[in-house]
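The values are calculated or read from the model by the stated rules, or taken from the named source; none is laboratory data. The structure displayed is predicted, hence computed values, not measured ones. No Cβ is skipped: glycine too gets one built from the backbone with ideal geometry, and neighbour counts run over all protein chains shown. Note: areas computed on protein heavy atoms with side chains; ligands, DNA, RNA excluded. Shrake-Rupley method; radii C 1.70, N 1.55, O 1.52, S 1.80 Å.
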Amino acid sequence: MTAIPQSAEFKSDETFTPEGEYQFQNSRATVRRLPFPFPDDEYKYSMNLEPHVPAGGGALRAAFDIDEHYVSECAHRAQMLKDMPGVHYLALPHMLEAQWDLLELIFESYARDFPEHFILTKSGNEWRWQNLLLGIDDSFTFGDPATLPMDPMEYATRQAQGEFVVLEDRDNTLVIGAGMTTQRADYSLQFNLGMNFAEFHGPVPKLHEMGILDRALKFLLRMKPGHPVRRVNWSLTVHPRLETSVETLPDWAPDRTKVTPENAGEMVHLRIELQPLHRLPRSNAIVFPVRTYLVSLAELVQHAPDWAKRVHRALASIDHELVDYKGFDRYHDAAVEWLSRYDDGAPLATGYPWNPDGIQPSADM
């Protein structure tokens, strides 16, 4: 392994747990490239699937996005895996082919979309992988797990931002067969491993009554390799904490009671989840990545005031059952009240920011 200096563009000293007192901050550029999830003032739940093609110059320009938090997030993942072995990364034995599929997809995407940071060299099945940001320079034989220091999926996803859940296509449904989940939001991989699509999504309010779940499953089962799709989901969380799982509930749940209309701007963070789904070519599995972005309400007001207004209106309109499901019922009202001070009621454009006519970050003031 060859040590290579890290780029100054990437922060390496951020922390995402209270032990590190949450050393985290977004630059203005990072806020303004977010995949902002609210196309309208009134929020209504939908699957909002669309082709995962390059769009704009922000988070959607690449197949798998990286940003200034890449190095810190990879370090956070390594620490979580060390602290809680057998909890965050799990894979059923028969998923090995899908693991190699995923490694290839991540490495080829990174090398293509960020060639200044990642280099993939192939000679048949003999591959060399260079990650200039993490100082990794490894050679291995594709398809031979003995040539890697760990499972292929673990090796690849330790070097990626976001969560990765691999779904096996079996018996006309999708079953969770493997996962790298150090950024979980209110679920447990240990509990969900082996669950099918309906079981995993069952707790979402009104999904069954609205027929959304059945339509989404039929759509995903028809996916073809090379034709990925994406959706954007969101929630709120307290502090810039990436991992809010069932296993760590005592560590983060009490903070939800500490939010007030006075401190909500700093404490409450919009948690955006970009989910680009890919059908894997050899195994026929589907990878379900969840790329998480955190931004405080105060950072939105400072760097993208129109987006802050839209968040205020969307939160004010959201169904209370959905608020409860997403887990921010205890501080929803405080967040709405804090944001209301920065909403003048002026009309805003509709649509997503990666579309030319969608709502864009406000011009610098």
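Can you tell me which residues in the range 15-38 are within 12 Å of residue 241 (Cβ to Cβ) and surrounded by 19 or more Cβ atoms within 10 Å (Cβ to Cβ)? Once the filter is applied, which keeps residues that are within 12 Å of residue 241 (Cβ to Cβ) and surrounded by 19 or more Cβ atoms within 10 Å (Cβ to Cβ), the range 15-38 yields 16, 17, 24. Among the residues of the range 9-58, those identified as in a loop (DSSP other than H, G, I, E, B) and of a type in the set (Gly, Ala, Ser) are 12, 27, 46, 55, 56, 57, 58.
Out of the range 106-147, which residues are β-branched (Val, Ile, Thr) and in contact (Cβ under 8 Å) with a residue 12 or more places away in the chain? Passing the criteria: 106, 119, 136, 141.
Against the test of being over 29 Å from residue 50 (Cα atoms) and not in a strand (DSSP E or B), the options 250, 361, 353, 347 yield a single qualifying residue, 250.
Checking the structure you have, find out if any residue of the range 303-324 is β-branched (Val, Ile, Thr) and farther than 28 Å from residue 254 by Cα. The answer is no, given that none of the residues of the range 303-324 is β-branched (Val, Ile, Thr) and farther than 28 Å from residue 254 by Cα.
Taking each residue of the range 77-105 that is within 29 Å of residue 241 (Cβ to Cβ) and looking for partners that are assigned to a helix (DSSP H, G or I) and acidic (Asp, Glu) with beta-carbon atoms closer than 7 Å, six or more apart or interchain, yields 89/154.
Kindly indicate whether residue 66 is touching a residue at least 12 places away in the same chain (Cβ under 8 Å) and either within 30 Å of residue 357 (Cα to Cα) or assigned to a strand (DSSP E or B) (or both). Answer is yes for this residue. Residue 103 meets all of the listed conditions (1) at pLDDT below 95; (2) assigned to a helix (DSSP H, G or I) but one, namely (1).
Can you find even one residue in the range 68-76 that is open to solvent by 10 Å² or more (accessible area, probe 1.4 Å), under 26 Å from residue 322 (Cβ atoms) and out of contact with any His (no Cβ under 7 Å at 6 or more places or on another chain)? No, the range 68-76 contains no residue that is open to solvent by 10 Å² or more (accessible area, probe 1.4 Å), under 26 Å from residue 322 (Cβ atoms) and out of contact with any His (no Cβ under 7 Å at 6 or more places or on another chain).
The rows are residues; the columns are (1) in a helix (DSSP H, G or I); (2) modelled with pLDDT of 95 or more; (3) over 30 Å from residue 131 (Cβ atoms).
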position	(1), (2), (3)
153	yes, yes, no
183	no, no, no
200	yes, no, yes
205	no, no, yes
216	yes, no, yes
220	yes, no, yes
225	no, yes, no
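Looking at the range 108-148 only, could you name the residues that are within 20 Å of residue 76 (Cα to Cα), touching a helix residue (DSSP H, G or I) at 6+ places or on another chain (Cβ under 7 Å) and open to solvent by 10 Å² or more (accessible area, probe 1.4 Å)? If the condition is that a residue be within 20 Å of residue 76 (Cα to Cα), touching a helix residue (DSSP H, G or I) at 6+ places or on another chain (Cβ under 7 Å) and open to solvent by 10 Å² or more (accessible area, probe 1.4 Å), then 134 is the only one that fits. Looking at the range 265-287, can you tell me whether even one residue there is at pLDDT below 95 and buried (at least 16 other Cβ atoms within 10 Å of the Cβ)? Checking the range 265-287: not a single residue is at pLDDT below 95 and buried (at least 16 other Cβ atoms within 10 Å of the Cβ).
Is it the case that the range 349-359 has a residue that's among the hydrophobic types (A, V, I, L, M, F, W, C), modelled with pLDDT of 95 or more and under 30 Å from residue 176 (Cβ atoms)? Checked against the condition, which is being among the hydrophobic types (A, V, I, L, M, F, W, C), modelled with pLDDT of 95 or more and under 30 Å from residue 176 (Cβ atoms), the range 349-359 yields no hits at all.
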